Amino acid sequence: MEAKTLIRASQVTKEYVTRQSSPGFKGVIQGLLKPRYSRHKALNEVTLSLKAGEILGFLGPNGAGKSTFIKLLTGIQTPTSGELQVLGVRPSDRSKAFLKQIGVVFGHKSSLWWDLPVRSSLESICSIYELDRSRFRKNLDHFSQALGLKGVLDRPVRMLSLGERVKCEVAAALIHEPRLLFLDEPTVGLDITSRTELREHLRNYAAEHEIGIMLTSHDVGDIEACANRVILVNQGSIAFDGKIETLKANFGLIVRLLIRIEGRSFLPKEIENLQFLLTPSLARDATIVIGPDTVSATLRRETSRSIIAAVADLDMDASIEVHAPDLDEVLLHHFKNFREGHIL
Amino acid sequence: MSRPRLTFLESSLPYAVNAARLIVMDRGMFVADFFLATTVPFLMQFLIWSYLYQGSSISRSFGVLSLSQTLFYYAFSIAFGRLNNGYDVVSNLSLNVREGTLEPHLLRPVPYPLQKLADFMGGGVVYSVPIILVLAVFVFIPPVALNSFFWPGWVLLVVVSQILCFTLSWTVAMMSLWLVRTDFALSLLTTSAAFFGGELLPPYLWPEWLRPLMSYNPFRFMISAPAQAIVTMDGGFVMTALAWTSFYAIAFGCLSAFLWRQGMKRYRGAGG
């Protein structure tokens, strides 16, 4: 049986109108008497869908429109144009039935009562979402165990570490059994242990409960560990929509070149030669990192061949390694291209 | 799986309970509110009015209330001033907007203004304790005839005065959605409540040309109208005050609902 479509977005555009401010006192007066406005498209004709059981990773540089899209999907904001259906309804109507079926975690923003123990917050959420008490107790036991919350339930939220707080936020977003979970940068500021625990839990939970998860993150590791589909968004438009493997393969036209010298440091002349070879004029979109005994560059595969040959000709007794880049590097490369105005 | 057909009122109850818990838990605020903010102003009024009423027939012409009625008027007014204080309503929304932390609350199945109303009413349960204490002294020390018709009207007046306080404060709080800093809104609210609320002087002691303003402004119905009603035990005044208070509560309710809708259209919050 085909999984249900939870999110259906068609040609969704969100445009902001911002009042422009001019510098100086004269500018302030002018702004008051004759205000000027500028228009900015935060999202531009975005079309996508999300099915039950799917974890969709939403990636993009700062200001790409990720948080705006979450706000549209949760009904906090209304699209300027296009059609948007979440769980079969228009989210901006913000019906009680709709809000009861979604869970949201904003990594930077707490939804819990800051000065009350976590347990009180969760109990309150149980009443707010009209969840049966026995069901609540069962879910609380589950999250205490799965996220290691037993020791923190009776502590006030303000006394928790960031990692503990985010795990409690995730529990609070899931305890009422939503069909759709939005996570807006949930792992920001978390240490590696908390991040790993959270990723593992989200993956297992989505698989067990067949819920849809939409995840935005700056941490590519989150997307790689959890998402089975990824969307790259740039300047409000979708630049890629597909599996992570496809993303990597599509951009496998990139390689990381590592030039290492054994037992000594590079001589200044050698560095100069390497810089000359690897310089952006030869490999326009390469990223070069120069260390005392290593030089690495992320560059397009087609330029790498000539560089390898040229490096070998330098007669430095250096080893040359060619690596497939990890997702982080792929994205770094493409976000850089985004900034320079290139499209995929 | 889930309990059916709970109303908004029931699902907003946890907000009220948590607000009351937070006030009780915060012992510093509890002490400051109950002892410093209520007893010190009362002591000052006690000393001033005891002196003015002392033996002199001239000083008696200050008002239509006896000394004990005047003192009870102030005790009740001060207690109502604390109960119907919208400072937190304005400052909490302002903080949420400025720090961009409104979103998680907007996504609860209880509308945000209703969450805040429940918060306010929950806090009111704790802040009604001083009123109950003054009421106990008022009813039992010089015995008061328990007019069964009067009391329900007065209790209703108190509840509606709280709703008025919330809707008025919420209207002022809406400024947060348009302005960067709302300190002046807070000052405006607290100063207006202190000046127009009748905590300084009962309306009939103001110059004649100011009396209509001091008698019929909304702050008066939040603070000193319920105090005057109980001190004079005037059923007719309770009904008049109830009508005015309801009128203002509905007017500010409609205005704040309109402003909230407009404000939410322009609210963006912050991205990650």
Tell me whether region A:1-131 comes out rounded, prolate or oblate; compute the Cα gyration tensor, take square roots of the eigenvalues as a ≥ b ≥ c, and use a/c under 1.5 as the rounded threshold. oblate
Compute the orientation-averaged projected area for region B:97-207 from the convex hull of its Cα atoms and round it to one decimal in nm². 10.3
Label points 7 Å out from Cα along the Cβ direction at residue A:32 and residue A:145: separation in nm? 6.5
Per residue Cα convex hull volume in Å³ - calculated over region A:138-240: 112
Excluding ligands and nucleic acids, what accessible area in Å² is computed for residue A:127 using a 1.4 Å probe, to the nearest 10? 30
What is the Cα radius of gyration of region A:168-225 over 2.2 N^0.38 Å, N being its residue count? 1.05
Sorted by accessible surface (1.4 Å probe, heavy atoms of the protein chains only), largest first, A:154, A:313, A:115 come out as A:313, A:154, A:115
What residue among B:202, B:226, B:41 has the largest mean-square fluctuation in a Gaussian network model of chain B, using Cα springs under 10 Å? B:41
With a 1.4 Å probe and all protein chains kept in place, how do B:222, B:121, A:159 rank by accessible area, largest first? A:159, B:121, B:222
Over region A:1-120, what relative contact order in percent results from Cα pairs under 8 Å that are six or more residues apart? 31
With Cα springs under 10 Å, the Gaussian network model of chain B assigns the largest mean-square fluctuation among B:130, B:113, B:212 to B:212
Let me know the mean shielding of B:97-104 by other chains, meaning the per-residue number of their Cβ atoms within 10 Å of its Cβ. 4
Please tell me the relative contact order of region A:57-162 in percent, rounded to the nearest whole number, where contacts are Cα pairs under 8 Å and at least six residues apart. 21
Of every Cα-Cα pair in chain B, the percent that sits beyond 28 Å: 39
Where does each of A:305, A:165, A:260 land when they are ordered by accessible area, with a 1.4 Å probe and the largest first? A:305, A:260, A:165
Using only helices, what value at 222 nm comes out for chain B when you add -39,500 (n - 2.57) per DSSP H run of length 4 or more and divide by the total residues, to the nearest 500 deg cm²/dmol? -22000 deg cm²/dmol
Rotationally averaged projected area of region A:57-197 (alpha carbon convex hull; nm²): 9.1
Round to the nearest 10 and report in Å² the accessible area of residue B:159, as given by a 1.4 Å probe over the protein chains' heavy atoms. 60
A student applying the Cα gyration tensor rule (rounded when a/c is under 1.5; otherwise prolate if a/b is larger than b/c, oblate if not) would label region B:165-272 prolate
Can you pull the Rg over Rh of region A:114-154, Cα-only, Kirkwood? 0.96
Is the C-alpha gyration tensor of region A:134-196 telling us rounded, prolate or oblate? Criteria: a/c under 1.5 is rounded; beyond that, a/b larger than b/c is prolate, otherwise oblate. oblate
What FRET efficiency comes out for residue A:193 versus residue A:275 if R0 is 35 angstrom and r is the Cβ-Cβ distance? Round to the nearest 0.05. 0.30
So, in Å, what gap is there between the alpha-carbon centers of region B:125-178 and region A:45-115? 41
Per residue of B:13-24, how many C-beta atoms from partner chains lie within 10 Å of its own C-beta, taken as a mean? 3
Would you tell me the accessible area of residue A:15, worked out with a 1.4 angstrom probe on the heavy atoms of the protein chains, in Å² to the nearest 10? 50
Taking only C-alpha pairs under 8 Å that are 6+ residues apart, what is the relative contact order of chain B in percent? 27
If you count, for every residue in A:169-176, the Cβ atoms of partner chains within 10 Å of its Cβ, what is the mean? 1
Take the Cα radius of gyration of chain A and divide it by 2.2 N^0.38 Å, with N its residue count; two decimals is plenty. 1.21
Sort out for me the Cα centre separation of region B:71-122 from region A:140-191, rounded to whole Å. 27
Approximate shape of the protein assembly as shown as ellipsoid semi-axes (Cα gyration tensor, √5λ), whole Å, largest first: 62, 27, 23
Considering lysine pairs in region A:30-186 that are 8 or more places apart or on different chains, how many have Cα atoms under 20 Å apart? 15
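The values are calculated or read from the model by the stated rules, or taken from the named source; none is laboratory data. Small disclaimer: the values here were computed from a predicted structure and weren't measured. Ideal geometry is used to build each Cβ from the backbone, glycine not excepted, and the neighbour counts take in all protein chains shown. The accessibility values were calculated without ligands, DNA or RNA, using every heavy atom of the protein model including side chains. Shrake-Rupley method; radii C 1.70, N 1.55, O 1.52, S 1.80 Å.
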